[in-house]
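K.L.:
Before we start, here is the structure in question, set down as C-alpha cells.
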Amino acid sequence: MSAFIQQFPASTVLGYPRIGPRRELKRALEAYWDGRATRAELDQAGAEIREHTWRRLAELGLDGLPSNTFSLYDQVLDTAVLLGAVPARYRDAADPYFAMARGTDGLAPLRMTKWFDTNYHYIVPEIGPETVFKLDAAKPLAEVRQARALGYETRPVVVGPVTFLLLGSALDRLDEALACYEELLSALAAEGVAWVQLDEPALVGDRTPEELAAVRTAYERLGALGTRPALFVASYFGDLGESLPALAATPVEAVGIDLVRGGVPGVDLSGKTVVAGVVSGRDVWRTSPERALAALGAVRAGQVVVSTSCSLQHVPYSVADEPDLAPELRERLAFAEEKVAEVVALARADFRGSVPAGPSVPLSAPVVAEERGPYAVRAAAQAAHLRLPTLPTTTIGSFPQTGELRAARAAVTAGTLTREEYERRVEAEIERAIRLQERLGLDVLVHGEPERNDMVQYFAEHLDGFAVTRNGWVQSYGSRCTRPPILHGDVSRPGPITVRWSTYAQSLTDRPVKGMLTGPVTIVAWSFVRDDLPLRDVVFQVADAVREEVRDLEAAGLSIVQVDEPALRELLPLRRAAQDDYLEWAVAAYRRATSGASDRTQIHTHLCYSDADQILTAIDGLDADVTTIESARSGARILGAVQAFGRGLGPGVYDIHSPRVPGVEEVEELLRGAVAALPAERVWVNPDCGLKTRTYEQVEAALANVVSATRRIRAELDS
C-alpha cells in the first residue's frame, strides 16, 4: 500500500441526507419517471444536491467529507451495480437501474425490505449461481472528481463486502466479490484517494464463526493489497461485540464504533484510528456534551475521531427550517446540520479526561391487557355477523393521494381554503373510493384515508405529546419521504380522531367498511421519540390512546377495525439476546390497544416489507383476527412459514410499490399458493400494502384483476 498514510481528519460524519433540503431529488425522480425530464436532467439534479451537501458540510467546519453517499434510489442497489450484480433479465431494460428498483410493465422489481432496524427500505441484492461479479466504478470515481473540482477531497463510502453478501444471502461468493473490491481500491488509489469507508453494519448483529472468519478473510486480503487507500471500516446501529476482535486483528487502519447504541470497546485498539460515533444519527435530540466527552475520553486508540453514530440520512436537514415549533422544544432539537455542528464542536474540545455518565432510566413492566374471547369464539361471532364469502377481497387502507387533495390540504394550511370546504372535498373523495370499490366488487371496503397526510403524522396531529414539522422530511425509499413526528411528552387522546370519516364511509354502503388505525409500536417507531423514558413505557401510552379510538369506532357501528403494525419487525433488536423481551412487550402493547373490542368486532392488522417471517410467532401472538402481510414482492416467501398460523391471513397478491399492473394469471398463481398453504376459509385477498402512492388508473386496473382472479379460484374451490 501507499508508503505514507494520511492521518484521518479530526471530525466527520458517516453520511448525510440526500433528498435535498426541499426534496429536490423527489421532484427530479418523479419528473424522470413520468417522462417530463431526461436522464441528463435527473443526473444534473443529483449533481446539484451533492454540491450543496459538500459546500454546507465545509461551511459548518467539518474536516472529513464523505462522497458516494448520494444515491438516486438506494445505496445497496448502487453497490449491486458497482459489483455487476445485475440479474440478466434487467440488462436489456431501457434503464436497468430503475427496472430493478421499480419494475417495468414486463418485469417485477427486486425485493425490498427494511435496512436493519430503521424505516429506510433497501433493494435486496439478487445473487445467484449465474451472477458474474464485474466492477463498474464509474459512480464513486465521478463523485470524487466532482468534489475535487469544487475544491474538496472526499472519502468514498461503499457498502462493505461482508454486509453486502449477507444481505444477498451469498457469503459463499466472498472470493469473487473481493476481487472487485481490490480492483475498486486500486482505482481509488490511482485517483489519489487517501481514505475509503466500507460500511459493515451487519457486524453489529449475532455472527456465526463462519461469518467472523469471512470478516477476517475479507479485511486481511484487502489490507494486504499493494497500493490502496487507507481502510476505514464503519459499523453502526449497535455494538460490534465478537466482530470487533476479528476486525481489529486485520490491517485496516480505522474502525467506526457506534457509542450511542453500543458501549466503549474493551479491545486494545492502540494501533488503530477509532471513529467514535458519539452524536446520534437516529434521533433529533441535542447531544449531551458531558456524555459525549465521557465516551470519547474512555476510548483507547491511536487516534480518536469524532463522528456521528451512523449516517445522518435518517434525520431531517435543519431545525432552522422549523419556525412553527415551540421555542422550548426547538432548543432541545438537533437535525443534520445541528448534529454536524455538534461533531465539529466536540472535535475541538479536550476529551482526554473522562466525565462520569448519568444514571440509566429504570425499566418498567408492561401493562397487562384485558383479554378478548378465544379466536374460535370470535371467528364464529364474526362469521355470523359479517357473512363474507370464501376468500374475501379487501385493500390495506389508503387510496391514491391525488394532487388535488394535497393542494387542498396545503391551501387549508395557507388559509386560502376554509376548513368546511376542505372537509366537503374529503367527503367527495371518500365517496369516490367507496363507489369504485363497490363497482369492482370488493367485499370489505375502506374509506381511502383522503384526510390523512401520513399514517403516523395524522395521528400525531391529534394526540397530545407530539409535535409535527413543516420541512422535516426523511427518505423512506426512492422518492418516498416521510416527516416523522416528534414525540416529546406524555401521550393522550383529547378526542376521537377517525370516527367521523369512518362512519361517513359506512353510511354510503351496505358492505362492511374497515376503521383504519395505526398501531402503537408503529406510531412510536416512525416518530422521533423522547429519550427520558423507556421505549416500552412510551409505546403503552400510545396503546391506551389507540384503545380509546377502537372503542369509539365500535360504538359508532364499525364491525371491522384494522390496527396496523408494519414496524413490529423493524424495532426488533439486532442481537438475539434482547429480542424476546422486546417482542413480549410489543405484543402486549398491541393486545392492550385492541383489548376494548367485543368478540363480534373483527380486528385486522397489517405488516409489510420487513421480513415478517422471522417473527411469525409474535405476529400470531398479536391475536388479530386477520393479518394482511406483504408477500407478492418477496416472491411469496412468507407462505413457507405460515402453515401453523391459526387465524385469518391475507398474503399480498400484488406489489403496490411498483407502477406495473399485475395480470390476472399472476394474481391467480399467488392466490393458489396461499390456498395451498392455508385452509381457504382463513385466506384473505389483498395487495401488499396501501395504495397511496399509485394513481387511480393503476389501482382500478390492478384491483379489477385481483377480483377476477379471486372469482376464478372461488369457482374452482366450489366445483
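K.L.:
Using protein chains only and a probe of 1.4 angstrom, how many square angstrom of Ser243 are accessible, to the nearest 10?
P.N.:
Its heavy atoms expose roughly 0 Å² to the probe.
K.L.:
Over 16 Å, how big is the tail of the calculated P(r) for region 184-288, in percent of all Cα pairs?
P.N.:
59 percent
K.L.:
Taking all protein chains together and a probe of 1.4 Å, list Asp544, Asp623 from the most accessible to the least accessible. Please report the intermediate quantities before stating the final value.
P.N.:
Details: Asp544 55, Asp623 25 Å².
Heavy-atom accessible area, descending, gives Asp544, Asp623.
K.L.:
Just the projected area, averaged over all directions, of the convex hull on the alpha carbon atoms of region 573-675: how many nm²?
P.N.:
Reported value for the Cα convex hull: 7.8 nm².
K.L.:
Residues with beta-carbon under 13 Å from that of Tyr236, excluding Tyr236: net charge, scoring Lys, Arg +1 and Asp, Glu -1?
P.N.:
It works out to a net charge of -3.
K.L.:
Heads up, I need the accessible area for His488: 1.4 angstrom probe, whole protein in place, Å², nearest 10.
P.N.:
Here the accessible area works out near 60 Å².
K.L.:
Using only the alpha-carbon atoms of region 210-249, report the extent along each of the three principal axes, biggest first, to the nearest angstrom.
P.N.:
Principal extents (Cα only, largest first): 32, 21, 13 Å.
K.L.:
Hey, another quick one. Could you report the chain's accessible area per residue, 1.4 Å probe, as an integer in Å²?
P.N.:
37 Å²
K.L.:
Continuing with this model, one more query. For region 126-221, what's the radius of gyration and Dmax over Cα atoms, in angstrom?
P.N.:
Rg then Dmax for region 126-221, in Å: 14.6, 45.
K.L.:
Going by average Cβ neighbours within 10 Å, how do the peptides 549-555, 418-424 rank, with the highest at the top?
P.N.:
Averaged packing, sorted descending, gives the order 549-555, 418-424.
K.L.:
Not counting ligands, DNA or RNA, and with a 1.4 Å probe, what is Asp580's accessible surface area in Å² rounded to the nearest 10?
P.N.:
The accessible area of Asp580 comes to roughly 120 Å².
K.L.:
Just from its helices, what would the mean residue ellipticity at 222 nm be for the chain, if runs of 4 or more DSSP H residues each count -39500 (n - 2.57) and the sum is divided by every residue, rounded to the nearest 500 deg cm²/dmol?
P.N.:
Dividing the helical sum by the residues of the chain leaves -12000 deg cm²/dmol.
K.L.:
Could the peptides 476-482, 35-41 be put in order, highest first, of the mean number of other beta-carbon atoms found within 10 Å of their residues?
P.N.:
Highest mean packing first, the order is 476-482, 35-41.
K.L.:
How much of the accessible area of region 413-482, probe 1.4 Å, is carbon plus sulfur, in whole percent?
P.N.:
44 percent
K.L.:
For Cα pairs less than 8 Å apart in space and 6+ apart in sequence, what is the mean separation divided by the residue count of the chain, i.e. the relative contact order in percent?
P.N.:
Here the relative contact order equals 13 percent.
K.L.:
Still on this structure, please answer the following. How charged is the neighbourhood of Arg483? Take every other residue with its Cβ under 14 Å from the Cβ of Arg483, and add Lys/Arg as +1 and Asp/Glu as -1.
P.N.:
It works out to a net charge of +3.
K.L.:
Tilt of helix 375-386 relative to the longest C-alpha principal axis of the chain, in degrees (0 to 90, nearest 10)?
P.N.:
50 degrees
K.L.:
Here's something else I'd like to know. How tilted is helix 336-347 with respect to the longest principal axis of the chain? Cα atoms for both, answer in degrees (0 to 90, nearest 10).
P.N.:
In the chain, helix 336-347 runs at an angle near 30 degrees to the longest axis.
K.L.:
Which value, in debye to the nearest 20, describes the size of the charge dipole of the chain about its Cα centre when Lys and Arg Cβ atoms bear +1, Asp and Glu Cβ atoms bear -1, and nothing else is charged?
P.N.:
520 debye
K.L.:
Roll a 1.4 angstrom probe over the protein heavy atoms and tell me the percent of accessible area of region 258-305 that is carbon or sulfur. Can you show the working numbers first?
P.N.:
Details: 840 of 1840 Å².
Accessible surface attributable to carbon and sulfur in region 258-305 totals 46 percent.
K.L.:
Two decimals is fine: what is log10 I(q)/I(0) at q = 0.23, 0.24, 0.28 Å⁻¹ for region 480-547, from a Debye sum with one equal scatterer on every Cα and no solvent?
P.N.:
-1.00, -1.05, -1.23
K.L.:
Roughly what angle does helix 664-677 make with the longest principal axis of the chain, taking Cα atoms, 0 to 90 degrees, to the nearest 10?
P.N.:
Computed tilt is about 90 degrees.
K.L.:
Tell me which of Val264, Val642, Leu178 sits at the most positive position along the dipole axis of the chain, charges placed on C-beta atoms (Lys, Arg +1; Asp, Glu -1).
P.N.:
The Cα lying farthest towards the positive end belongs to Leu178.
K.L.:
Summing Lys, Arg as +1 and Asp, Glu as -1, what charge do residues with Cβ under 9 Å from the Cβ of Val159 carry, Val159 excluded?
P.N.:
Computed value for this residue: -3.
K.L.:
Sticking with this one: Regarding region 526-631, what is the average projected area of its C-alpha convex hull, in nm²?
P.N.:
Projected area, direction-averaged: 7.0 nm².
K.L.:
Taking every pair of alpha-carbon atoms in region 57-122, give the share separated by more than 16 Å as a whole percent.
P.N.:
56 percent
K.L.:
Sticking with this one: What is the packing order of peptides 262-269, 97-104, 497-504, taking the mean over residues of other C-beta atoms within 10 Å and listing the highest first?
P.N.:
Put in order of decreasing packing, that is 97-104, 497-504, 262-269.
K.L.:
When the accessible area of region 575-617 is computed with all protein chains present and a 1.4 Å probe, what percentage of it is carbon and sulfur?
P.N.:
42 percent
K.L.:
Over all directions, the average projected area of the alpha-carbon convex hull for region 265-342 comes to how many nm²? Show your work: numbers first, answer last.
P.N.:
Working: hull surface 22.0 nm².
Average of the hull's projected areas for region 265-342 equals 5.5 nm².
The values are calculated or read from the model by the stated rules, or taken from the named source; none is laboratory data. Please read all numbers here as calculations on a predicted model, not as lab measurements. Neighbour counts run over all protein chains shown; Cβ positions are idealised from the backbone, glycine included. Just so you know, the surface numbers come from the protein's heavy atoms only, side chains and all, with ligands and any DNA or RNA stripped out. Shrake-Rupley method; radii C 1.70, N 1.55, O 1.52, S 1.80 Å.
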